[in-house]
Amino acid sequence: MKASTLRLAVLGIFGVVYSQAMAGFESIPTTTPITISGGTTAYIICNPTGDFGSGSGSGASVKNPTTSPDNACYISPAPTTDLTAPISGFSLVSTANRQVTLNNTYSGNTNKNIGTLLDVVWRNAAQTECIYGMKFTANTTDYNTGNAGNQYFEANGIARGGFVDTSTSTARTVEVAYSRSSSTADVVYRAGRTFTSVQHRPGDVAQPLTGLGSSPSINGLDSWPGSASAAQQQADLNSNWVEFTTDVNARDDDGSTTASSAMFYVKTSCSSAAPTAVANAIRLRQTFQEQSTDGANPAANQRFIEVPVTGFVPPNGAVTPTPTSPY
């Protein structure tokens, strides 16, 4: 029985009723994908509202869900601070504030500081489990020096690696969750055991199917207008990675601006060893979810971009493949 299910059962026994959502950590695949209608998937759905960040106004995402299925993976009430463990029994071990630097052909091959990433590790008293947390906050840096106007990086997918123990070639079991300690934070729409961030435009699938046969950083249609093909909506299971689908931008072109992500959590096995920071362990992806509305060449402004960031990994964790730039 999951911890969240057990908790609700106990509350029911004592007749306690809460108006807030009380979901929490959810299991995602380890080595075998989930069977769904039409095939198999590496993803679970956390919050399907707002068309994965494409909606605005009355169709915008529900940021503080209180009912199923919108509250899966959602921890409520949120921890009092981003450095507070999301569940009891875990203590802070390591934390780092990392500058997120974009450097590719769009930036004229110069460094552009597009935001910051908070990287956190908590560990339980038995020193057998750790929670790896991260939160991306975007800023208003114009990264595209070749176009008129201001183009701000949009994080539609954030992947974290290192969940295969290289000493034994064993894939660690993982659970995922998220919390929002700020009204400007977005939600997690889905989370998957995959390296690939899949584009989500209105009408696209909620749970990408496996069967691609490869693991690109980003899958979708890298042009506008149009719709992705079935193959461009796939993502194969990759036991070494966990991917969170979100929509973070300091000024989103679709009007649903959320300048920071939620705190994303991955709970897995670890040891008493000090956390190790590994280059490129975290990847931020812009997946061309919508057309940009500024600049001289709008259709080029939200194209596929991957930005690597250093991150903590579990013991004996490693990260491959190397990043692609701009994609």
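A short reminder: the numbers here are calculations on the coordinates, not readings from a lab. On a predicted model such as this, the values are computed, not experimentally measured, just so you know. Because the Cβ atoms are built from the backbone with ideal geometry, glycine has one as well, and the counts that use them run over all protein chains shown.
Entry note, the chain: the mean residue ellipticity at 222 nm calculated from DSSP H runs of n ≥ 4, each adding -39500 (n - 2.57), is -1000 deg cm²/dmol after division by the residues and rounding to the nearest 500. For T322, T101, the sequence from fewest to most other C-beta atoms within 10 Å is T322, T101.
Put simply, the amide H of V198, placed in the peptide plane, has neighbours under 5 Å in N219, leaving out anything fewer than 5 places away on its chain. Nearest 10 degrees is fine. How inclined is helix 3-13 to the longest principal axis of the chain, computing both from alpha carbons? Taking the Cα atoms of the chain, the angle to 3-13 is about 50 degrees. The phi torsions of segment 158-174, fed into the Karplus equation with coefficients 6.51, -1.76 and 1.60 and a -60° offset, translate into couplings of 10, 10, 10, x, x, 9, 10, 6, 5, 6, 10, 6, 9, 7, 6, 6, 9 Hz, rounded to whole numbers, with Gly and Pro shown as x.
Full extension of the chain between L83 and S227 yields a length gain of 47.8 nm, computed as 0.36 nm times the residue separation minus the alpha carbon distance. Shown for segment 196-269 is the translational diffusion coefficient from the Stokes-Einstein equation, using the Kirkwood radius over Cα pairs, a temperature of 20 °C and a viscosity of 1.002 mPa s: 152 µm²/s. Arranged from fewest to most other beta-carbon atoms within 10 Å of their beta carbon, W224, W122 become W224, W122. Here the chain yields Rg over Rh of 0.95, to two decimals, using C-alpha coordinates and the Kirkwood radius. With a Förster radius of 25 Å applied to the C-beta separation of Q127 and S169, the computed FRET efficiency comes to 0.65.
Structural size metrics of segment 147-296, computed from C-alpha coordinates, are Rg and Dmax of 16.5, 53 Å.
Panel order for Y106, Y265, by other beta carbons found within 10 Å of each beta carbon, from fewest to most: Y106, Y265.
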